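The values are calculated or read from the model by the stated rules, or taken from the named source; none is laboratory data. Given the structure is predicted, the values throughout are model-derived calculations rather than measurements. FYI the Cβ positions are ideal-geometry reconstructions off the backbone, even for glycines, and counts take in every protein chain you see. In case anyone asks, the SASA skips ligands and DNA or RNA and just uses the protein heavy atoms, side chains included. Shrake-Rupley method; radii C 1.70, N 1.55, O 1.52, S 1.80 Å.
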Amino acid sequence: MPAIRRIPVMARPFDVQEIEQKWQRLWADEGSYEVDADDPRPSQYVLCMYPYPSGPAHQGHVRNYTFGDLLVRHRTMQGFAVLSPFGFDSFGLPAENAAIRTGTHPRTFTEERIAELKASVVALGAVYDWRRQIRSHDPSYMRWNQVIFLRLLQAGLAYRAMAPVNWCPGCQTVLANEQVLADGTCERSGDVVIQRDLEQWFFRITSYADELLADLETLDWPERVKTMQRNWVGRSEGVEFDLQVVGHGAEGGTLRVFTTRPDTSFGMTYAVVAPEHPLVDVITTDAQRSAVDEVRTAVAHITEHERMSSDIEGQTLAKRGAFTGGCVVNPFSGEQIPVYVADYVLMRYGTGAIMAVPAEDERDWDFAHAHGLPVVRTTRPPEGFDGGAWTGDGVKENSGFLDGLDITAAKERAIEWLEAEGLGRRTVNYRLRDWLVSRQRFWGCPIPIIYCPEHGAVGVPEDQLPVVAPDDVEFLPTGESPLLRHSTFRHTTCPVCGGPAERETDTMDTFVDSSWYFLRFCDPWSEDRPFDPAIAAQFMPVDQYIGGIEHAILHLLYARFYTRALIDVGLAPGIPREPFRRLFTQGMIRLDHKKMSKSKGNLVAPTKYFNTVGADALRLFHLFAGPPADDMDWSAQTDEIIQGCARFLDRVWRLTVETDAEVTWREGEQTDSDVALTRSVHRLIAKVSDDMERWSFNTSVAACMEFANDLQGYRREASAGIHRSTYDAAADALLLLLAPMTPHVTAEAWERRHGPGARLHTQSWPTYDPGLARAERVTMIVQVNGKLKDRIEVVPDISEADAIALALASERVMEELQGKVPSRIVARPPRLVNIVL
RNA sequence: GCCCGGAUGGCGGAAUGGUAGACGCGGGGGCCUCAAAAGCCCCUGUCCUUCGGGGCGUGCGGGUUCGAAUCCCGCUCCGGGCACCA
């Protein structure tokens with residue numbers, strides 16, 4: 001019995017906004033993506049880096065959450081209980097700056113921004129288990145942040161030490177590096193910023209340097225992120241050894257240096273100590289004192305950042321430094337060599353002193369030439385080398401017992417000699433420094449410490465946590481934390497003796513908040529500890545972590561460290577030491593060649609798309625635009641492409657829900673074109689399933705578009721009517737495959753096809769028959785001398801002999817051969833035959 | 001300076017040693033319509049062509065291979081990271 005349907009005529013075949021709101025409400029009401037620890041399904045943890053709430057979402061968020069949501073929905077359809085939480089990194093400087101500008105309390109400001117961001121995330125159709133939401137400024141989260149701090153303190157992983165900071169004498173406060181202008185002045189007062197030592201809190205991340213480095217090998221992360229972390233940790237192996245000091249007042253003293261090139265020791269023609277090095281005061285002669293002091297003063301007045309830059313106002317690579325008047329003995333050559341101070345040697349790295357080998361180190365070369373110091377080559381440079389320092393490999397010369405060796409062997413020999421003589425030992429140095437967590441800010445998690453004149457730094461007892469900053473504070477543009485001026489917060493009593501004491505007024509770096517939120521997500525209801533380790537162990541590690549490349553180093557390194565620290569202080573027994581098994585870093589979105597961001601003021605809000613083409617079309621665009629890892633340019637053409645995505649969804653709707661022409665249905669035996677359609681359904685399932693696993697969403701979308709074209713062609717050509725079950729299977733498959741990408745329109749189409757209450761997203765991900773997915777006929781190409789000459793339709797399992805026979809029988813090939821005998825025939829059935837003359 | 005990426009039609013991109021340019025955007029033509037919109041159909045790298053087809057073509061120059069966008073060597077340009085870490 002042929003069924004006949006007629007098309008309704010309208011701009012779009014469905015009401016986008018109505019459908020999107022309906023399904024967003026349904027997913028929330030039905031708790032479709034809420035997952036509990038006792039869920040019988042195997043679990044998967046999919047997480048997008050929790051955002052700083054800066055207001056309504058921008059396209060960077062849209063892209064991020066589209067990828068994440070696609071994964072959540074896809075894995076759910078594959079039968080996993082997918083943990084998909086969302087939260088807000090809600091402490092941070094912008095809220096505090098807004099408070100100074102407008103007087104609004106940072107909490108009010110932040111919570112308004114959270115509501116806006118959350119609304120746009122929901123409007124995008126991204127689904128989360130909102131019961132688990134975390135906001136880092138919530139006292140319930142701060143409490144555990146502070147407990148963890150105290151446990152790290154007890155374990156010796158947190159400590160207090162003097163550290164150089166940027167200090168503005170005008171504002172009487174510490175500045176962040178970003179607040180110091182390029183010329184070394186304060187952005188607010190214009191005063192020259194100086195370096196000053198202040199007591200600050202640190203986390204001992206350097207204790208984990210080797211582990212953080214070694215375990216990178218086990219991670220399924222982008223290679224370049226791992227490389228960046230490796231460089232950041234900056235492990236270098238070398239040797240430390242002592243030099244005898246000669247000269248006034250220093251007899252019997254030694255100077256310890258660190259080097260990775262002990263093979264060059266015979267070329268050490270002078271030594272350099274950092275300006276802050278304690279030996280400077282001892283060995284500087286009266287004659288040299290003023291020159292040395294000049295260097296030290298200059299260094300004290302610039303930031304480390306500037307000190308590292310190779311050019312300060314015309315003082316180019318002259319290497320700012322001076323002779324101290326003192327000397328040391330090079331133990332290898334026995335010669336006396338001068339000791340200099342120079343700003344290119346850093347007190348905090350190695351021993352704060354180096355042996356200088358100008359012939360084999362570029363910095364030493366520059367310095368030696370600026371100060372007229374001798375150069376002795378110990379590695380023979382290659383023939384024709386006319387540059388300065390030679391840092392490559394070569395045969396050792398002028399090096400006594402090392403002569404004739406290559407540098408690797410010479411290093412070994414030199415270290416053995418130093419150890420045998422009792423002068424030095426092997427050492428490893430790291431570029432990585434301990435993590436300075438103190439921030440002189442209001443809008444952050446207070447460091448739970450009380451300073452007692454009697455008992456020193458005492459932790460606030462855990463039953464008194466959280467320490468929450470008071471609300472009755474005044475935000476002034478002074479640059480200092482209002483907590484400093486709040487006397488009832490600041491003045492308290494010592495938990496040990498009850499005597500008068502002062503609270504710490506610094507807060508924690510917000511990277512502390514984000515270093516364990518993924519663990520709290522596993523058990524956000526826990527009231528007696530940060531989380532239940534058994535539950536966390538069930539979900540951890542995060543199976544897929546998604547975020548921007550800008551967090552490649554700091555956040556990801558801190559989180560790796562923190563996870564280990566939590567395990568080692570006993571708060572997280574049984575959880576994996578690596579928190580993020582797979583990492584995906586999405587590319588950024590640029591507008592006019594600049595990164596799209598709120599601070600640059602070049603955002604394109606998604607709202608206008610939600611209100612017109614709808615969230616599905618915008619999602620489809622982000623998936624279709626190109627490889628997820630690549631940067632994307634938001635261009636004048638973008639809106640047209642988004643329109644094209646909406647057009648495609650209209651077409652999907654017409655193909656699955658409505659008929660746009662009078663249609664005759666039939667059943668019974670499949671015709672050839674019915675079989676062909678079935679085959680392309682199976683090929684499509686295979687293609688999209690594979691593309692999903694390798695994050696090739698743009699080609700998934702292309703395949704679905706191609707299939708929709710095929711489906712339309714099938715309808716057009718079906719003069720004898722449309723085979724009902726074949727067509728239904730095709731339409732259902734298309735909806736199932738698109739379900740994770742464009743969830744609203746597909747869910748609605750599914751319900752229209754299958755009746756009220758039918759749920760697309762609880763269906764299983766479709767499977768395919770490999771036999772049907774394989775093409776029935778394939779195009780075999782025939783080449784002569786590698787040039788394409790003919791195409792022949794063949795069966796996929798054609799034999800090599802048959803393929804060659806067919807190729808040689810081709811008219812086009814015979815023309816080309818002209819009776820000549822091929823010298824070689826390369827056959828790769830069923831893909832190609834290449835005839836070589 | 002060092003270390004990673006990348007370069008393909010007018011544009012976004014596809015092609016994991018085997019038909020370069022899938023899919024889409026833009027453009028051109030046609031159908032439908034009183035007309036328009038929407039929709040549908042066809043064409044669209046480039047040059048030559050006797051309309052059968054042929055030459056050229058994946059940043060540049062070499063190489064390996066029967067065959068290279070893909071692998072190797074050397075450049076150019078663009079993007080990113082680290083930049084006096086001894």
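Summary of computed values
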read-out: Index of the failed condition, A:VAL121 passing every other in (1) surrounded by fewer than 17 Cβ atoms within 10 Å (Cβ to Cβ); (2) modelled with pLDDT of 95 or more; value: (1)
read-out: Residue tally, condition outside any helix (DSSP H, G or I) and more than 15 Å from RNA strand B (Cβ to nearest atom), over region A:685-721; value: 2
read-out: Checking A:ALA298 against (1) open to solvent by less than 20 Å² (accessible area, probe 1.4 Å); (2) assigned to a helix (DSSP H, G or I); (3) within 15 Å of RNA strand B (Cβ to nearest atom), the condition it does not meet; value: (1)
read-out: Wholly enclosed strands (runs of 3 or more DSSP E) of region A:410-492 bearing at least 1 residues under 25 Å from A:GLN146 (Cα atoms), of a type outside the set (Val, Ile, Thr) and in contact with a Phe, Trp or Tyr (Cβ under 9 Å, 6 or more places away or on another chain); value: A:456-459
read-out: Within region A:782-800, considering residues that are touching a residue at least 40 places away in the same chain (Cβ under 8 Å) and in a strand (DSSP E or B), the one nearest to RNA strand B (Cβ to nearest atom); value: A:GLN783
read-out: Some residue of region A:537-544 being open to solvent by 10 Å² or more (accessible area, probe 1.4 Å), in contact with an Asp or Glu (Cβ under 9 Å, 6 or more places away or on another chain) and in a helix (DSSP H, G or I); value: no
read-out: Residue list for region A:608-634, restricted to those being in a helix (DSSP H, G or I) and either free of Cβ contacts under 8 Å to residues at least 12 places away in the same chain or under 16 Å from A:ILE19 (Cα atoms) (or both); value: A:LYS608, A:TYR609, A:PHE610, A:ALA615, A:ASP616, A:ALA617, A:LEU618, A:ARG619
read-out: Positions within region A:328-350 being near RNA strand B (Cβ under 7 Å from one of its atoms) and in contact with a Phe, Trp or Tyr (Cβ under 6 Å, 6 or more places away or on another chain), in sequence order; value: A:GLY350
read-out: A:ASP364 vs. criteria more than 7 Å from RNA strand B (Cβ to nearest atom) and closer than 19 Å to A:VAL239 by Cα; value: yes
read-out: Some residue of region A:240-251 being open to solvent by 50 Å² or more (accessible area, probe 1.4 Å), at pLDDT 75 or above and not charged (D, E, K, R); value: yes
read-out: Any hit, region A:52-67, residues being farther than 26 Å from A:MET632 by Cα, part of a loop (DSSP other than H, G, I, E, B), open to solvent by 30 Å² or more (accessible area, probe 1.4 Å) and in contact (Cβ under 8 Å) with a residue 40 or more places away in the chain; value: no
read-out: Residue check, A:ARG235 near RNA strand B (Cβ under 9 Å from one of its atoms), open to solvent by 20 Å² or more (accessible area, probe 1.4 Å) and either farther than 17 Å from A:TYR340 by Cβ or touching a residue at least 12 places away in the same chain (Cβ under 8 Å) (or both); value: yes
read-out: Of all residues in region A:659-684 being part of a loop (DSSP other than H, G, I, E, B), charged (D, E, K, R) and within 16 Å of RNA strand B (Cβ to nearest atom), the one that is least open to solvent (accessible area, probe 1.4 Å); value: A:ASP660
read-out: Verdict on A:HIS754 being open to solvent by 50 Å² or more (accessible area, probe 1.4 Å) and either under 41 Å from the mean Cα position of the chain (by Cα) or over 30 Å from A:ASP797 (Cα atoms) (or both); value: yes
read-out: Failed condition for A:PRO766, given (1) closer than 30 Å to A:GLU667 by Cα; (2) touching a residue at least 40 places away in the same chain (Cβ under 8 Å); (3) open to solvent by less than 50 Å² (accessible area, probe 1.4 Å); (4) within 16 Å of RNA strand B (Cβ to nearest atom); value: (4)
read-out: Test: residue in region A:589-606 that is modelled with pLDDT of 90 or more and open to solvent by 60 Å² or more (accessible area, probe 1.4 Å); value: no
read-out: Filter result (open to solvent by 10 Å² or more (accessible area, probe 1.4 Å), near RNA strand B (Cβ under 10 Å from one of its atoms) and of a type in the set (Val, Ile, Thr)) within region A:611-644; value: A:ILE641
read-out: First in region A:1-26 and modelled with pLDDT of 50 or more, second anywhere and aromatic (Phe, Trp, Tyr) and part of a loop (DSSP other than H, G, I, E, B), Cβ under 7 Å, 6 or more apart; value: none
read-out: Index of the failed condition, A:PHE401 passing every other in (1) surrounded by fewer than 17 Cβ atoms within 10 Å (Cβ to Cβ); (2) touching a helix residue (DSSP H, G or I) at 6+ places or on another chain (Cβ under 8 Å); (3) in contact (Cβ under 8 Å) with a residue 40 or more places away in the chain; (4) not β-branched (Val, Ile, Thr); value: (3)
read-out: Residues that are assigned to a loop (DSSP other than H, G, I, E, B), within 21 Å of A:ILE535 (Cβ to Cβ) and in contact (Cβ under 8 Å) with a residue 60 or more places away in the chain, drawn from region A:123-139; value: A:TYR128, A:ASP129, A:GLN133, A:SER136
read-out: Residues being assigned to a loop (DSSP other than H, G, I, E, B) and over 30 Å from A:ILE549 (Cα atoms) - total across region A:28-51; value: 9
read-out: Single match in A:ALA414, A:ALA420 (criterion: open to solvent by 70 Å² or more (accessible area, probe 1.4 Å), hydrophobic (A, V, I, L, M, F, W, C) and at pLDDT 90 or above); value: A:ALA420
read-out: Selection within region A:191-227 - surrounded by fewer than 16 Cβ atoms within 10 Å (Cβ to Cβ) and of a type in the set (A, V, I, L, M); value: A:VAL192, A:LEU198, A:ALA214
read-out: Residue selected from region A:196-240 under the condition more than 14 Å from the chain's Cα centre (by Cα) and β-branched (Val, Ile, Thr), by the criterion farthest from A:VAL512 (Cα to Cα); value: A:VAL239
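Yes or no, residue by residue, for (1) within 16 Å of RNA strand B (Cβ to nearest atom); (2) open to solvent by 30 Å² or more (accessible area, probe 1.4 Å); (3) small (Gly, Ala, Ser):
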| site | (1), (2), (3) |
| --- | --- |
| A:TRP443 | no, no, no |
| A:ALA457 | no, yes, yes |
| A:ASP472 | no, yes, no |
| A:THR493 | no, yes, no |
| A:ARG503 | no, yes, no |
